[in-house]
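Structure record follows, encoded as structure tokens.
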Ligand code: AMP
Ligand code: MG
């Protein structure tokens, strides 16, 4: 998609700019962007680690079929203080315990017959079996998690293993959210019959939060050129502006004009997708530099899809994430029921991904179009019906946009 590439060109240039950082407690770093790498503070594992409960011994001794003499027991958490294991000897050992010098394999307890202090087995083991050598997983000083990574549970575990009670993360970019529309009322108001509650500010804020942004919800902006200009002007000291509504061809869609009046530079005004076709992307001069903005269409499903496709990657870059993995997440799944062709635009249809390890199945959800946020609440993904794909038959593989 050309529009996604356009956003990508801008995210690329953003990365070199300096960003402020802060130290946060380890668990509080979840979803944030790592600003300084997590380094191994020692070899991992720090000792040759037994991966089984069993008997540390010499692989060569197992070829003879002779019984081995068990010289002791070592549990995880205890050091081995005895001498190196001699030929014909075995040490009973637990998973996670250090394998003593002289042993080169661990015979699983299930494969050993114990008789007094003697064990026998009919198994042959190769040297190294059931042992992870010291430093095999990571060398002391090596990078375990690079800066620029969006912090997920495995990174938290890695940081804990390396002794980081806090992590350095990039500050959250401030995302100003401006929903426009004369029909909108705040969430805590009772709408009159011709009014609706402003839900887009919340979907945008939630998506921004998930992507490591700090959402700032502005009051609802009326469909009035001066009011929009005024609100945008007030939002310019944030890091990113997201507007919702007012970018279509309606008589009261003033957002583009307001942005133009504020000397906006547009990179695209409209994308060949449905929902979300009228989405605009550009930047405004501000404080000697510029601020990026997105004008997302007001229909709630369009708002969510266009945020995921275009705003999320830019926000990820603003939050310090490196290019890898900063875009929207697509996957493949098997289509549960057919979708008739509709040419002209690439469609993102609300869908539900289910299935198991062998078979990912995606089910389109019936909906009333891009204003149907009740349908959006029944989705966990959008399935992609490409512009020229023709009919998509049940059982075919399709791309899905994960939310
Ligand atoms: P617009 O993009 O302004 O033409 O709006 C398209 C549709 O989305 C209209 O039905 C609006 O009422 C609806 N809409 C616009 N803004 C919001 C919002 N903030 N929350 C919920 N629905 C909205
Ligand atoms: Mg509107």
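Can you find even one residue in the stretch 111-129 that is within 16 Å of ligand 1 (Cβ to nearest atom) and not in a loop (DSSP other than H, G, I, E, B)?
So far as the stretch 111-129 goes, no, none of its residues is within 16 Å of ligand 1 (Cβ to nearest atom) and not in a loop (DSSP other than H, G, I, E, B).
Answer yes or no as to whether residue 175 is at pLDDT 95 or above, closer than 17 Å to residue 303 by Cβ and in contact with a strand residue (DSSP E or B) (Cβ under 8 Å, 6 or more places away or on another chain).
The answer is yes for residue 175.
Please state which one of 317, 311, 258 is crowded, with 23+ Cβ neighbours inside 10 Å, in a helix (DSSP H, G or I) and within 16 Å of ligand 2 (Cβ to nearest atom).
Working: 317 fails: within 16 Å of ligand 2 (Cβ to nearest atom); 311 fails: within 16 Å of ligand 2 (Cβ to nearest atom).
258 is the lone residue from the list that is crowded, with 23+ Cβ neighbours inside 10 Å, in a helix (DSSP H, G or I) and within 16 Å of ligand 2 (Cβ to nearest atom).
Looking only at the stretch 186-233, how many residues end up being in contact with a helix residue (DSSP H, G or I) (Cβ under 9 Å, 6 or more places away or on another chain), free of Cβ contacts under 8 Å to residues at least 24 places away in the same chain and in a strand (DSSP E or B)?
Total satisfying the criteria: 0.
Given the criteria more than 26 Å from residue 171 (Cβ to Cβ) and within 13 Å of ligand 2 (Cβ to nearest atom), does residue 187 qualify?
no
Return a yes/no flag: does the stretch 272-288 have any residue that is modelled with pLDDT of 95 or more, loosely packed, with under 14 Cβ neighbours inside 10 Å and outside any helix (DSSP H, G or I).
Looking for residues that are modelled with pLDDT of 95 or more, loosely packed, with under 14 Cβ neighbours inside 10 Å and outside any helix (DSSP H, G or I), one finds at least one in the stretch 272-288, hence yes.
Output the residues belonging to the stretch 196-214 that are more than 9 Å from ligand 1 (Cβ to nearest atom) and either surrounded by fewer than 21 Cβ atoms within 10 Å (Cβ to Cβ) or over 29 Å from residue 318 (Cα atoms) (or both).
Keep residues of the stretch 196-214 that are more than 9 Å from ligand 1 (Cβ to nearest atom), which gives 205-214.
Answer for the stretch 196-214, where residues must be more than 9 Å from ligand 1 (Cβ to nearest atom) and either surrounded by fewer than 21 Cβ atoms within 10 Å (Cβ to Cβ) or over 29 Å from residue 318 (Cα atoms) (or both): 205, 206, 209, 210, 214.
Hey, any hits in the stretch 72-90 for a residue that's crowded, with 19+ Cβ neighbours inside 10 Å, over 30 Å from residue 292 (Cα atoms) and in contact (Cβ under 8 Å) with a residue 40 or more places away in the chain?
No, that holds for no residue.
Report the residue count in the stretch 347-360 for those that are surrounded by fewer than 17 Cβ atoms within 10 Å (Cβ to Cβ) and either in contact with a strand residue (DSSP E or B) (Cβ under 9 Å, 6 or more places away or on another chain) or in a helix (DSSP H, G or I) (or both).
5
How many of the residues in the stretch 234-255 are surrounded by 14 or more Cβ atoms within 10 Å (Cβ to Cβ), within 16 Å of ligand 2 (Cβ to nearest atom) and outside any strand (DSSP E or B)?
8
Considering the stretch 215-232 alone, what residues qualify as being within 28 Å of residue 31 (Cα to Cα), touching a strand residue (DSSP E or B) at 6+ places or on another chain (Cβ under 6 Å) and more than 11 Å from ligand 1 (Cβ to nearest atom)?
215, 216, 218
Might you let me know whether the stretch 361-368 holds any residue that is more than 16 Å from ligand 2 (Cβ to nearest atom) and within 29 Å of residue 176 (Cα to Cα)? Please lay out each step first, then the result.
First pass over the stretch 361-368, keeping only residues more than 16 Å from ligand 2 (Cβ to nearest atom): 361-368.
Adding the requirement that they be within 29 Å of residue 176 (Cα to Cα) leaves none.
No, the conditions are met nowhere in the stretch 361-368.
In contact with a strand residue (DSSP E or B) (Cβ under 8 Å, 6 or more places away or on another chain) and closer than 22 Å to residue 311 by Cα: is that true of residue 271 in this structure?
So residue 271 does not fit the description; no.
The values are calculated or read from the model by the stated rules, or taken from the named source; none is laboratory data. Source: prediction; values computed, not measured. Cβ: placed from backbone, ideal geometry, glycine included. Neighbour counts: every protein chain shown.
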